[in-house]
Each structure stands twice: as C-alpha cells, then as structure tokens.
Ligand code: WTA
C-alpha cells in the first residue's frame with residue numbers, strides 16, 4: 001500500500017489545482033510565454049461540448065514553422081535539430097542543424113508551391129523514416145498546405161481511400177524503403193493506389209533505395225531535380241489559429257477511417273508544453289522516440305514537440321532487431337540518448353532476447369524512459385525499469401490518443417512517483433472523469449469506469465475531415481457534455497489512473513489501432529465467405545492478436561480451408577496492410593447473435609481467450625446452440 005496522498009506531491013498538486021480552477025488563465029500564460037505570434041488571440045477558448053465545437057486562441061495569427069525553426073536560428077542555428085540514423089548501421093548517420101533544416105524546408109516549400117500547392121490544399125505523404133518525411137511535413141506547414149501522412153506500411157487500397165477521403169492534390173513518396181533486410185517498393189503501391197484517385201495531380205518521388213520505378217509523364221517528378229533549383233528563401237504563410245495543420249487517419253468502429261483534423265495554434269501549444277514537461281527536456285538533451293512519424297506519436301513527439309522546444313530529435317529508419325536485437329541499445333549508446341520513448345510491444349519483443357544484448361551497451365546517458373500506445377504489463381514495465389533504466393530513470397507511461405494531439409495522463413519525471421502499469425496522474429489542465437454505463441460520474445477512488453475528459457484542452461482534434469456529425473457522435477454523445485475516449489480506466493486509492501483497454505470495437509495490436517469493421521469488410525469480400533467477426537485475444541509480444549471467426553458460404557474440405565486462410569490474410573494484407581493479418585482463423589457454421597441481429601462479440605472474445613466461464617444468459621440469443629460448437633472447435 002502506498003503511504004502518501006496526491007496532496008502530498010506539492011509541486012504537482014499546486015499547479016494542477018490552479019490549472020483546473022482557471023484553465024483559461026493557465027493556457028493563456030503558456031501560449032503567451034513560449035511562442036512567437038504574428039498577432040495575439042482575442043479569446044483563449046470557446047467551446048460547446050454538445051455540438052462538439054471547440055476553438056482555441058481565436059483570431060491569433062502564427063505559423064508553426066516559425067516556432068519550430070526560424071526563432072531558433074539566432075540562438076541555436078548550429079545545434080543539431082535532427083539526427084537521422086539509417087536502417088543499415090554501416091551507412092553514416094546525418095546530423096542536420098537548425099539552420100540546415102530551415103534551408104531544406106524553405107527549398108522544399110518552394111518546390112511544392114511551384115508544383116501548384118497552395119494554402120488549404122491537401123498533400124498526402126507516404127514516405128519511409130527519412131529526413132524528407134519531416135522536411136516535407138514542415139514545408140506543407142510553412143505554406144499552409146494540410147499534410148496527411150500515411151504510414152508507409154499501408155496497402156494500395158488503404159492509401160487510395162485516404163487520398164480520396166481528403167481529396168489530396170499531391171502525393172509525396174519514394175522509390176522504396178528499407179526495413180531491416182527488406183526493401184519495400186513504395187512507388188508501385190502509390191501507382192496502384194493512384195489508379196483510383198482523381199484528385200491527385202502531381203506525385204513527387206524522393207530517391208532512397210535507387211529502385212527502378214516507373215514515372216508517369218507530367219504527373220511524377222523526382223524531388224531531387226526540383227529541389228536542386230529551388231530558392232532557399234520562403235516567406236511563411238500567415239495562418240489563423242484554427243486553420244488546419246494536418247489530417248491523420250485513425251481506425252474507427254465503422255469501415256471508414258477517421259481523418260482527425262488538428263489545427264495550428266492549439267496543437268502547437270499543447271505538443272510543445274507536454275514534450276517539455278513529460279520528458280523533462282533540457283537544452284543539451286538528445287531525445288529519441290522510436291515510433292513511426294506515420295502515427296500521431298511521431299507527429300507530436302518526433303517532429304513538432306521536440307522542434308518547438310529547440311531539441312535534438314532522432315529519426316530512426318530501421319527496426320529494433322536489425323542487424324541484431326541490440327539495435328536500440330546500440331543507437332542509445334552511439335548518440336548518447338537522454339530520453340528514450342518507445343512502445344510496450346517493442347519492449348516485450350526485446351525482453352525475449354538475452355539480456356546480454358542490453359548489458360553490452362553503455363546506457364548511462366539515459367535520464368527518462370517512456371512508453372506509449374497500449375497498456376504496459378507489469379513484467380514489461382519491470383524489465384524496462386531494471387535493464388534499460390537501470391532503476392534510476394523514471395518511466396513515463398503516457399496515455400493519449402490521435403484525437404488528443406498530445407499526452408494527457410502521465411507521470412512527471414522526478415515529481416510523480418511511478419507505479420507499474422499506471423499512467424498515474426492527469427497533466428495540468430486535463431480533467432479526466434470516470435463514467436458508469438448509465439452516464440453517471442463515478443466519484444471517489446478505487447473505482448473503474450469509462451474514461452472521459454471534462455474540459456477541452458488545446459490539442460484536441462477539432463473534427464473528422466468532411467464529417468463533423470461522425471465526430472460529434474463518436475466522441476460527444478455517449479456521455480453528453482464530455483469527450484469520450486473509448487477507453488476504460490481504473491482509479492486507485494490515491495487517484496492514480498490505470499488504463500484498462502478499449503471498451504469499443506477497436507483492437508490494439510502491437511500498438512496499432514485496428515477497427516474490427518474494416519477487417520471484417522475485407523474478409524467478407526472473399527467469394528467463399530458469408531460473414532465474419534474479429535476479436536482480440538492476449539498475445540505475449542503484440543499485446544493483442546486477432547482471432548477471426550469466419551462463416552463460409554459452403555463447406556469445403558480441410559485442405560482447401562488451409563488455402564482459404566492464406567487467401568483471407570492475403571486479402572487483408574492487400575486492402576489494409578500486413579499489420580491487420582489474423583493470427584487465428586476458425587471456420588464456424590454461424591455467429592452468436594442477439595435477436596436484433598447484433599453479433600455477441602463478448603462471447604467470441606471469451607472463447608478466443610480460452611475463458612469458457614460466465615457467458616451470461618445465452619438463451620436470449622437467436623442461435624444459442626452455436627456457442628457450444630464454437631467453443632468445442634476453438635483453435
Ligand atoms: C491506447 C497513440 C494504455 C489507448 C498515442 C488509446 C494506451 C489508444 C496508452 C490510442 C497507455 C495509448 N496506456 N493504453 N500509455 N497509450 N493507449 O490513437 O487505448 O494510436 O485510446 O494514439 O492507444 O491510440 P493512438
């Protein structure tokens with residue numbers, strides 16, 4: 001049992017109390033003291049949580065890249081902004097200074113403008129983890145174009161649906177991508193996607209792998225040719241506080257991905273503030289987040305948060321196990337990393353390797369280590385603490401979402417005592433509440449419920465691109481007046497939060513959010529499939545793995561079924577990406593359904609987990625007999 005109360009954490013509690021008592025004053029001061037603005041705001045926040053209308057720093061004028069780049073030039077122009085560590089350790093790392101980055105962003109912004117990109121246009125970026133990924137994002141921000149980065153592991157049809165949803169005018173990609181000992185041919189994936197995307201006028205191609213690619217005349221251009229002749233001067237476009245900065249797609253519980261829209265000022269203020277405080281960032285630190293920039297973690301905590309603070313941030317192209325399972329530890333030693341931010345799935349897979357891989361490297365520069373993306377289990381937490389942090393680095397278990405823009409619940413290093421598996425306390429300005437299924441707020445401690453947030457914060461996504469109604473329904477109707485996260489949480493005896501996992505139809509596999517609906521949609525397109533249901537089950541490395549129950553149109557023999565399994569996974573790979581492949585597929589003669597036709601996923605989940613107890617009253621099902629069959633044939 002713990003022997004202190006939150007009230008005994010004076011630094012935290014005082015700040016927190018003030019921030020909650022007067023959030024406007026709290027954020028006004030942060031925005032005022034830490035950024036350059038062309039024009040100040042007339043109102044800190046305006047919101048209507050029922051209509052899901054939120055704006056921050058109304059009428060302020062800014063450009064986020066002035067804050068990421070320009071203002072650092074006089075004080076830290078020669079300081080390294082980006083350390084790029086390539087996939088192959090034999091290839092030399094690049095150190096890009098703030099002034100060099102500034103120049104490269106300007107030149108790229110000129111290239112985009114010359115290719116017809118203007119303020120408000122959407123540009124999809126489908127690139128590996130190379131400096132050009134960061135540079136093209138910043139170039140878009142500089143000229144006011146809205147970037148939408150698509151993770152470079154997505155398939156052609158996933159690319160096409162995102163490009164079409166935001167009606168992108170341009171796609172930026174590369175001739176290929178290195179991942180461990182594999183080369184991925186990104187350009188042909190883009191070519192296939194672009195057969196169905198009428199909005200795209202131009203494609204810029206960055207050279208990386210020297211792969212032979214086909215270039216379509218008047219549509220496809222080599223970036224390096226255009227870049228060479230571009231001017232190094234570019235005047236930032238003046239943006240309104242609420243102008244869009246970027247769209248980033250995330251899975252939802254229906255088939256279509258949600259294009260979460262983040263805006264300029266609020267996102268800037270929130271990512272800068274959270275980066276500095278959660279990672280206890282100091283001027284000469286060298287910070288490394290291992291996420292891919294294609295996810296929100298990379299947007300906020302590889303790119304924007306660090307650069308807004310004038311930090312040195314590492315972009316790593318490779319994978320943790322290439323060429324050997326000590327790559328992470330080798331990179332920490334090589335670049336003298338002070339803050340290391342990674343995901344539970346990576347920790348679990350590296351913890352499976354001999355601890356000698358870690359021990360042979362000098363990790364003594366580390367001060368703070370962090371985890372994000374899914375709940376971190378106790379064993380992984382201790383392994384991370386003992387072998388990586390050597391019991392001297394606080395672990396920041398950071399809970400947040402694509403929708404929240406930045407970290408919401410996390411320990412503050414050297415302030416908040418950590419507790420394994422707990423994200424601990426809300427950051428100043430953030431007001432979590434737990435709600436029961438009857439929409440009542442659950443008061444007191446030692447309780448569990450649906451995690452909601454009471455008051456808006458600057459980093460919250462403002463809408464779903466092109467579908468405000470869906471935004472309102474998804475986040476603001478289940479618990480009126482509050483933002484609903486889709487997660488469940490527990491609040492312990494001192495008020496610490498532990499995230500227990502999703503309470504909706506999103507499954508987190510290796511830290512990636514996957515909606516069940518789009519995967520089921522893909523499976524159902526197989527001509528032999530009548531219907532299907534996907535659930536998650538615990539997996540010791542990935543956190544969750546996918547279990548599919550598939551009803552066939554007609555029964556085939558078992559050999560054909562093995563083929564069918566391969567074909568189903570092939571289909572998922574093509575339509576979504578290999579990350580969504582099923583680990584187990586069970587062919588069943590029907591799915592348990594309620595009388596209104598809703599699939600009883602709760603029962604399917606229990607069977608997949610191997611837990612045959614407490615199915616509840618199954619007699620009310622339309623087809624209760626099916627449960628026994630599914631149970632007996634579980635894989
Ligand atoms: C989960 C990633 C437990 C959660 C930044 C959330 C976590 C979803 C944690 C968002 C954590 C993220 N502990 N669960 N520290 N961090 N999650 O949008 O279910 O990719 O709703 O954003 O990941 O995933 P997303």
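Here are a few things to note about the model shown:
- Considering the stretch 382-405, and only residues there that are within 9 Å of the ligand (Cβ to nearest atom) and in a loop (DSSP other than H, G, I, E, B), the residue that is nearest to the chain's Cα centre (by Cα) turns out to be 401.
- Within the stretch 56-79, the set of residues being surrounded by fewer than 21 Cβ atoms within 10 Å (Cβ to Cβ) and either in contact with a helix residue (DSSP H, G or I) (Cβ under 8 Å, 6 or more places away or on another chain) or assigned to a loop (DSSP other than H, G, I, E, B) (or both) comprises 59, 70, 73, 76, 77, 78, 79.
- Strands (runs of 3 or more DSSP E) (entirely within the stretch 195-285) containing at least 3 residues that are touching a strand residue (DSSP E or B) at 6+ places or on another chain (Cβ under 6 Å) and under 30 Å from residue 27 (Cα atoms): 244-250, 258-263
- Screening residue 319 on (1) more than 16 Å from the ligand (Cβ to nearest atom); (2) modelled with pLDDT under 95; (3) part of a loop (DSSP other than H, G, I, E, B); (4) under 22 Å from the mean Cα position of the chain (by Cα) shows it passes everything except condition (2).
- Criterion (part of a loop (DSSP other than H, G, I, E, B), at pLDDT 95 or above and either more than 17 Å from the chain's Cα centre (by Cα) or away from the ligand (no atom under 16 Å from the Cβ) (or both)) met by exactly one of 484, 479: 479
- Only one entry in 128, 89 is assigned to a loop (DSSP other than H, G, I, E, B), in contact (Cβ under 8 Å) with a residue 12 or more places away in the chain, out of contact with any helix residue (DSSP H, G or I) (no Cβ under 6 Å at 6 or more places or on another chain) and surrounded by fewer than 17 Cβ atoms within 10 Å (Cβ to Cβ), namely 89.
- Of the residues screened, residue 448 is not one that is in a loop (DSSP other than H, G, I, E, B), over 21 Å from the mean Cα position of the chain (by Cα) and either more than 30 Å from residue 28 (Cβ to Cβ) or within 15 Å of the ligand (Cβ to nearest atom) (or both).
- Among residues of the stretch 290-305 that are in contact (Cβ under 8 Å) with a residue 40 or more places away in the chain and closer than 15 Å to residue 153 by Cβ, those with a beta-carbon under 7 Å from a residue that is part of a helix (DSSP H, G or I) and within 11 Å of the ligand (Cβ to nearest atom) at least six positions away or on a different chain give the pairs 291/297; 291/298; 292/298; 293/299.
- Taken across the stretch 548-568, residues that are touching a helix residue (DSSP H, G or I) at 6+ places or on another chain (Cβ under 8 Å) and part of a helix (DSSP H, G or I) do occur, with at least one present.
- For residue 586, the stated conditions hold: it is farther than 13 Å from residue 507 by Cα, touching a residue at least 40 places away in the same chain (Cβ under 8 Å) and surrounded by fewer than 20 Cβ atoms within 10 Å (Cβ to Cβ).
- Whether a residue is in contact with a strand residue (DSSP E or B) (Cβ under 9 Å, 6 or more places away or on another chain) and more than 24 Å from residue 441 (Cα to Cα) was assessed, and residue 482 does not pass this test.
- Number of the exception - residue 582 against (1) in contact with a strand residue (DSSP E or B) (Cβ under 9 Å, 6 or more places away or on another chain); (2) outside any loop (DSSP other than H, G, I, E, B): (2)
- Extreme residue, farthest from the ligand (Cβ to nearest atom), among residues of the stretch 407-435 that are farther than 18 Å from residue 493 by Cα and touching a strand residue (DSSP E or B) at 6+ places or on another chain (Cβ under 9 Å): 414
- Residue satisfying all of: in the stretch 493-542; free of Cβ contacts under 8 Å to residues at least 60 places away in the same chain and assigned to a loop (DSSP other than H, G, I, E, B); nearest to the ligand (Cβ to nearest atom) among these: 503
- Only listed residue being surrounded by fewer than 24 Cβ atoms within 10 Å (Cβ to Cβ) and within 20 Å of residue 339 (Cβ to Cβ), chosen from 455, 414: 414
- Within the stretch 169-190, tally of residues that are outside any strand (DSSP E or B) and either under 27 Å from residue 321 (Cβ atoms) or touching a helix residue (DSSP H, G or I) at 6+ places or on another chain (Cβ under 8 Å) (or both): 10
- Considering only residues in the stretch 349-375 that are touching a residue at least 60 places away in the same chain (Cβ under 8 Å) and within 17 Å of residue 422 (Cα to Cα), the one that is farthest from the ligand (Cβ to nearest atom) turns out to be 368.
The values are calculated or read from the model by the stated rules, or taken from the named source; none is laboratory data. Predicted model only: the values in this text are computed from it and were never measured. Every residue, glycine among them, receives a Cβ derived from its backbone with ideal geometry; neighbour counts consider all protein chains shown.
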